[in-house]
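Structure first, then comments.
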Amino acid sequence: MPHQKIIFGAGCFWGVEATFRLINGVINVRCGYSGGHTDNPTYEDVCTGTTGHIEVVLIEYDPAVINTEALLHHFWRCHNPTTKDRQGPDIGTQYRSVIFYYTEEQAIIAEESKNKLQASGLWKTPIVTQILPTAKFYQAEEYHQNYFTKHGIH
């Protein structure tokens, strides 16, 4: 079975990238920007909040080892999906919660997962995570890739 891809936005991409790098079956994780209206945005551009882009991670995974449901389990646990345009101290539209799917199957699984989480009562306020078809992914600058490891943060 060929590798698959999915894109998650869950706040600052450094922590999200570090989380998914540790998961068995994840082949590659790249920080980047997606969902905006500007071509080839830079980190500085995205931080202005005017490009429409979100800080995201592009995850390539082996579905024979880990499935979409398991990846979504980690996605929901690594951030607060009920805060609009904010994760912890980071505030702005670039930090919104989003799932960009590549296949209709991923879209269905993501919607079911979101609905199940909302019905669980774990979160007392509505989940605001958007589930959208894949938008163009722009890889972030090299200094953002594997940031925690490069800076000795565990």
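What to note about this one:
- Cα-projected label distance for Glu104 with Trp123, points at 7 Å along beta-carbon direction, nm: 2.7
- Label zone (Asn40, point 7 Å along Cα-to-C-beta; backbone nitrogen cut-off 16 Å) within region 113-154: 137-142.
- Whole-angstrom gap from region 5-74 to region 126-146, using each part's C-alpha centre: 4
- Contact order normalised by residue count of the chain, Cα under 8 Å, 6+ apart, percent: 32
- Taken over the chain, lysine pairs spaced eight or more positions apart, or on distinct chains, with alpha carbons under 26 Å apart number 12.
- Rounded FRET efficiency, nearest 0.05, which uses the C-beta distance separating Ile153 from Ala64 and R0 of 30 Å: 0.45
- Three-way shape label, the chain, alpha-carbon gyration tensor, a/c 1.5: rounded
- Three-way shape label, region 90-145, alpha-carbon gyration tensor, a/c 1.5: oblate
Rule-based calculations on the coordinates, nothing more; no lab input. The shown structure was predicted, so the numbers you read here are calculated from the model rather than taken from an experiment. Reconstructed Cβ throughout: ideal geometry from the backbone, glycine too, with neighbour counts over all protein chains shown.
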